[in-house]
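Taking it in order: structure first as structure tokens, then the write-up.
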Amino acid sequence: MIQRSKNMKKPFAMSIIAAALMVAGAAQAKEVTDADILNDAKTTGDVVHFGLGQQGQRFSTLDKINTKTVKNLVPVWSFSFGGEKQRGQESQPLVHDGKMFVTASYSRIFALDAKTGKKLWKYEHRLPEGIMPCCDVINRGAALYDNLVIFATLDAQLVALNKDTGKVVWKDKIDDYAAGYSATAAPLIVKGLVITGVSGGEFGVQGRMEARDAKTGKMVWMRPTVEGHMGYKWVNGEKVENGISGTLNATWTGDLWKTGGAATWNGATYDPDTNLVFAGTGNPAPWNSHLRPGDNLFSSATVAIDPDTGKIVWHYQTTPHDGWDFDGVNEFVSFDYKDPKTGKIIKAGGKADRNGFFFVLDRTNGKPLNIFPFVKDITWAKGFDMNTGRPIYVDENRPGDPSGSADGKKGKSVTAAPSFLGGKNQQQIAYNPQTGLFYVPANEWAMDIWNEPVSYKRGAAYLGAGFTIKALHDDYIGALRAVDPVSGKIVWENKNFAPLWGGVLTTAGNLTFYGTPEGYLKALDAKTGKEVWSFQTGSGVVAPPVTWMENGEQYVAVVSGWGGAVPLWGGDVARRVNFLEQGGSVWVFKLHNGK
Ligand code: CA
Ligand code: CA
């Protein structure tokens, strides 16, 4: 068209056409479609969704960086989140149309040129005094949809920005931060819906999943994750009842369900094969289990929700009647495997639970297929009964009832492993279909835990428990473990002195990338666990790496910035790692000279 315009007689006409072209060009910034989201795991030119795809496998088919070439991996750029606002940086970057979108501590988000690291825009959410995030002022990442980038904030809001300008398009309040609500997980996008959970299980909030129209922020459905609460949907803007979750008072006595917790603070995954959203739910509130007899559904569980109806299709409780704050929020990652006996392909899902067990469930119905420990010390249960799917409790290892103690103020203290910080916490696992292995950033630690009396007070901690976290070994707490979901065997492990708190990426280049609180981004041979590359990022890594391809070159990125729950809640372990420095930056790497 420019060629043709040269032939025009009037220069005036040419400038009009040029101007028109420029306007068209500006408007043509690529929008993120449902197909882009659905195909994210297969398309290597971008990372448009948390988890490198809705299933959350964190697997990339890219192999330009592999066990042979990774030695040439060098930094391309680094960008500082700046200011005094450091603390934990748990964010997974998104990459689309040559731009990176990365959230940072204190509800900030940056848009950067993915090739150069040049800042394009920044949005800092105005946070009120009195927010109550339990586990540091972190954020785990944003979602992209249409021309929007959407993220959740520490004061329990959702903010949608124009991804090209950083200007607010819509905002919506999830709930009242003064009652203990906050939000830190990356939103899930499913068929034009933005699906989010809530944080606040330590304040007796009402756990739930919510779906909004991603373009407008208008509510579509809300599904409570505490049994007894009414679900809702919005029809033509009208809020209508959509059935109670479970049955009122079936697993909760009296009014306890009203403040039952089961916070969905770690977000959810989605499997298009079964059309199910898998949300993890946290502890029942309060922690003191003697105050709430029963299984306390749907706490410490995986809940499968139909995104079209907002109804629970199945649930599987990993810690019924949780008395250790094991939560069950860990991500449920869809994968298929061949049954070794029948040769049939099984549609499964894997979950490394905070309670120390790895669960392989049939993802069509939630039935357990395999359950095995992925940490060495587990005190609360001997294992699981595969017929009932329930744990075989060790009753004497449940913290005691304070009402039975001499002064009624402190129940019997027990040493429990794992600690409530979990065999695995928020740090995401990855599944590599080529090795058939899950890569689990595991931790070996214990806690002394005891119960105390407590009653609910709005906006106050609702635990009824005291605790101290302890290391179990002098030389390590963390261990990156390769876990075979079919045999239940740990194939290899790579130990780490500090607890691991960052997620994993695995690639067709036979590599497994993860970061350590000591500041290293590492690459291991995915089959053997042998370390083949590492780089010191300057602060602790507590976030998951990503990879993508641009102009024929493969890039790797990770956020660096020590923090999260460990320094705040870690007791003896926090003291053990208090030499670690804070920070806040994103690092990008590629092969030197492209080789
Ligand atoms: Ca992609
Ligand atoms: Ca919890």
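The values are calculated or read from the model by the stated rules, or taken from the named source; none is laboratory data. Note that the structure is a prediction, hence the values are computed from the model and not measured. Heads up, the Cβs are rebuilt from the backbone with ideal geometry, glycines too, and the neighbour counts pull from every protein chain shown. Just the protein is used for accessible areas: all its heavy atoms, side chains included, with ligands, DNA and RNA removed. Shrake-Rupley method; radii C 1.70, N 1.55, O 1.52, S 1.80 Å.
Students often forget the sequence filter, so: which lysines lie under 21 Å Cα-Cα from Lys457 once same-chain residues fewer than 8 apart are removed? Cα-Cα hits under 21 Å: Lys258, Lys409, Lys410. Note on the range 155-279: along the principal axes its Cα atoms extend 51, 34, 29 Å, ordered by decreasing extent. Quarter the surface of the alpha carbon convex hull of the range 451-537 and you get the mean projected area, 9.5 square nanometres. Three principal axis extents describe the C-alpha atoms of the range 332-488; from largest down they are 60, 37, 32 Å. For the range 496-535, the alpha-carbon radius of gyration amounts to 1.09 times the rule-of-thumb value 2.2 N^0.38 Å expected for a compact globular protein. Can you tell me the dipole magnitude for the chain around its Cα centre, using point charges on the Cβ only (Lys, Arg +1; Asp, Glu -1), in Debye to the nearest 20? The calculation lands at about 1760 debye.
For the chain, carbon and sulfur atoms together expose 52% of the accessible surface, with a 1.4 angstrom probe and every protein chain in place. Note that the range 55-115 presents 34 Å² accessible area per residue, ligands and nucleic acids not counted, probe 1.4 Å.
Beyond 24 Å in Cα-Cα separation lie the following of the pairs Lys338/Lys376; Lys30/Lys215; Lys489/Lys590; Lys171/Lys424; Lys64/Lys522: Lys338/Lys376; Lys489/Lys590; Lys171/Lys424. Solvent exposure of the range 435-488 amounts to 33 Å² per residue of accessible area, where only protein heavy atoms count and the probe is 1.4 Å.
Amide H contacts of Phe335 (H built 1.01 Å from N, in plane; Pro and chain starts excluded): Ala348, Gly349, Gly350 sit under 5 Å, all sequence-distant by 5 or more or on other chains.
Distance between the 7 Å Cα→Cβ label points at Glu241 and Thr43: 4.3 nm. Here the Karplus curve 6.51 cos²θ - 1.76 cosθ + 1.60, taken at θ = phi - 60°, turns the phi angles of the range 477-494 into couplings of 10, x, 7, 7, 10, 8, 10, 8, x, 8, 8, x, 9, 8, 7, 7, 8, 10 Hz, with x standing for Gly and Pro.
As an equivalent ellipsoid, the chain spans semi-axes of 39, 28, 23 angstrom, where each value is the square root of five times an eigenvalue of the C-alpha gyration tensor, largest first.
Between Arg575 and Glu124, full extension at 0.36 nm per residue minus the direct alpha carbon distance yields a gain of 159.2 nm.
Which links in Lys367/Lys527; Lys233/Lys311; Lys163/Lys191 stretch past 21 Å when you go from one Cα to the other? Going by Cα-Cα distance, Lys367/Lys527 fall outside the 21 Å limit. Spacing of the modelled spin labels on Asp385 and Glu550, each 7 Å from Cα toward Cβ, amounts to 5.6 nm.
Only Cα pairs under 8 Å and at least 6 apart count here; give the relative contact order of the range 382-503 as a rounded whole percent. Walk me through the numbers on the way to the answer.
Numbers: 255 pairs, mean separation 27.1, N = 122.
Here the relative contact order equals 22 percent.
In the range 55-594, Cα pairs under 8 Å separated by at least six residues give a relative contact order of 15 percent.
The 3J(HN,Hα) values that the Karplus relation (6.51, -1.76, 1.60; θ = phi - 60°) gives for the range 78-85 are, in residue order, 9, 10, 8, 6, x, x, 8, 7 Hz. Gly and Pro appear as x.
Compute the normalised compactness of the range 483-595: alpha-carbon radius of gyration over 2.2 N^0.38 Å, N being the residue count.
Working: Rg = 15.2 Å, N = 113, 2.2 N^0.38 = 13.3 Å.
Computed over Cα atoms of the range 483-595, the ratio equals 1.15.
Against the longest alpha carbon principal axis of the chain, how many degrees, from 0 to 90 and to the nearest 10, is the axis of helix 11-27 turned? It is inclined by approximately 10 degrees. Extents of the range 111-151, taken as max minus min of Cα coordinates on every principal axis and listed largest first, are 37, 23, 18 Å.
At most 13 other Cβ atoms within 10 Å plus a DSSP loop assignment makes a site exposed; report the longest stretch of the chain without any exposed GluC sites (Glu not before Pro).
Numbers: sites that count: Glu84, Glu129, Glu581.
With a cap of 13 other Cβ atoms within 10 Å, the longest stretch comes to 130-580.
Each other residue within a Cβ distance under 14 Å of Glu550 adds +1 if Lys or Arg and -1 if Asp or Glu, for a net charge of +1.
Residue separation times 0.36 nm, minus the C-alpha to C-alpha distance between Asp273 and Lys367: what's the value? Could you put the intermediate results ahead of the total?
Numbers: separation 94, 0.36 × 94 = 33.84 nm, distance 1.69 nm.
The Asp273-Lys367 span can extend by a further 32.2 nm.
Using the 1.4 Å probe convention, the accessible area of the range 217-332 works out to 30 Å² per residue with neighbouring protein chains retained.
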